[in-house]
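These notes are about the structure you will find just below.
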Amino acid sequence: MKLIIDTDPGIDDAMAIGYAAADPRIDLIGLTTVFGNVHTPQATRNALRLCDWLGLDIPVASGAVQPRVLPPFPPSHNVHGSEGFGPIPAENAQATAIEEAAPEFLVRMAREHQGALVLCPIGPLTNIAAAIDLDPDFTKRLKACVIMGGSLREGGNINAYAEANIYHDPHAADVVFQAGGNIAMIGLDVTHRTLASRADFDHLANRSPDFGGKLNEMAQSYIDFYETVGKFDGCSLHDPAAVIACIDPDLFAYEPHPLGVVCDGKRSGETCAVLDSRPPVRVATKVDAATLHDQFFETLATLP
Ligand code: RIB
Ligand code: CA
């Protein structure tokens, strides 16, 4: 399966990209970067570092630096650390980004791999909306667009109403969710069930001392944040769940819903089922969390 991940790396983004590199069924053909957990230049640098660490020789295209309509906002450094990988200090990558901007790269790839490319956005949807501006049939050219974001009945994580990726660009999400094509939403309704513990990551580091060791360092600080929220014992595998949904969609159950996004006021970023003629989105409502958990760690453990 040919896959492109649009990402704001980010600790769980690093986990998701590591999984994509490790699963032999996935042909990861590119990364595009966006603001969110970090500023876009940091996201691009971190995507390139992941390519170095994982031995990925693939295009990395830099994308949007601010939301489609809203003003820029401070990144979630309290969650992912000031450089995006928890306590791991910033360092330059060997790999370099391509000149082409993310939306143009995405449109070109969708055309070159018409009907065969899966796109997995795991950050704000700004680049995806910009691709639709360039090519109104962009999402329809994709085999699937599997989005980490949103919430149908689970409430929010950045506040009571909104999930972070949608909150950070509600206008872009509203464009994408009504664009049509095979669009799936892997939201908090399922990612709040896909959890991992400190011990899980410690064990991974023993089996994969290099990349798993880096993920363990990041995850321990990620779980430090989660403990301040006091909701889970461990952390949510938000972005890994979306990538796994690309290759193993049957681990999830879905409901078709036309989706609207609140774009202003205190509920800005809330995703809601609407009763109108917009094309439905496949909203994940159930997940085989135990199987996903074990598959995630067994696959990552094959990395050096
Ligand atoms: O709400 C979780 C999402 O926001 C994840 O993609 C995480 O990386 C952050 O971007
Ligand atoms: Ca992310």
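General observations
- The solvent-accessible area of residue 113, taken with every protein chain present and a 1.4 Å probe, is close to 50 Å².
- Portion, in percent, of the accessible area of the chain that falls on carbon or sulfur, probe 1.4 Å: 52 percent
- Beta bridges per DSSP with both ends in the chain, % antiparallel, nearest 5: 35 percent
- Accessible area (Å², 1.4 Å probe, nearest 10) - residue 231: 110 Å²
- For the chain: rounded, prolate or oblate by the Cα gyration tensor [a/c cutoff 1.5]: rounded
- Under-5 Å amide H pairs with residue 286, H placed in peptide plane, nonlocal only: 253
- The string of couplings for the range 139-148 from the Karplus curve (6.51, -1.76, 1.60, θ = phi - 60°) is 5, 6, 7, 7, 5, 6, 10, 10, 9, 7 Hz, one whole number per residue in order, with x for Gly and Pro.
- Selected from 292, 177, 98, residue furthest toward positive end of dipole (the chain; charges at beta carbon): 177
- The chain: most fluctuating residue of 237, 50, 251 per GNM, C-alpha cutoff 10 Å: 251
- In a reduced charge model with +1 at each Lys and Arg Cβ and -1 at each Asp and Glu Cβ, the chain shows a dipole moment near 500 debye about its Cα centre.
- Net dipole in debye of the range 1-103 [+1 Lys, Arg Cβ; -1 Asp, Glu Cβ; about Cα centre; nearest 20]: 160 debye
- Computed over the chain with a Gaussian network model linking Cα atoms closer than 10 Å, the most mobile of 176, 243, 274 is 274.
- Candidate cross-link partners of residue 286 among the lysines, defined by an alpha-carbon separation under 26 Å and a same-chain spacing of 8 or more, comprise 2, 140, 143, 231.
- With protein chains left intact and a 1.4 Å probe, residues in the range 207-304 average 44 Å² of accessible area per residue.
- Applying the criteria of a DSSP loop state and at most 15 other Cβ atoms within 10 Å to the trypsin sites (Lys or Arg not before Pro) of the range 25-85 yields 25.
- Solvent exposure ordering (accessible area, 1.4 Å, most first) of 99, 163: 99, 163
- Fluctuation leader among 116, 160, 22 - the chain, Gaussian network, Cα springs under 10 angstrom: 160
- Solvent exposure, largest accessible area first (probe 1.4 Å, DNA, RNA and ligands not counted), of 233, 294, 174, 8: 233, 294, 174, 8
- Our helix-only sum for the chain, with -39,500 (n - 2.57) per DSSP H run of n ≥ 4 divided by its residues, gives a mean residue ellipticity at 222 nm of -11500 deg cm²/dmol.
- For the range 1-90, the per residue solvent-accessible surface stands at 32 Å², with DNA, RNA and ligands left out and a 1.4 Å probe.
- Dipole magnitude of the range 249-304 about its Cα centre (Cβ charges: Lys, Arg +1; Asp, Glu -1), debye to nearest 20: 260 debye
- Using a probe of 1.4 Å on the protein chains alone, the accessible area found for residue 227 is around 100 Å².
- For the chain, with +1 on Lys and Arg beta carbons and -1 on Asp and Glu, the positive-most of 204, 242, 22 along the dipole: 242
- Proximal charge balance of residue 43 [Cβ under 11 Å; K/R count +1, D/E count -1]: -2
The values are calculated or read from the model by the stated rules, or taken from the named source; none is laboratory data. None of these values were measured; they are calculated from a predicted model. Heads up, the Cβs are rebuilt from the backbone with ideal geometry, glycines too, and the neighbour counts pull from every protein chain shown. For accessibility, only protein heavy atoms count, side chains too; no ligands or nucleic acids. Shrake-Rupley method; radii C 1.70, N 1.55, O 1.52, S 1.80 Å.
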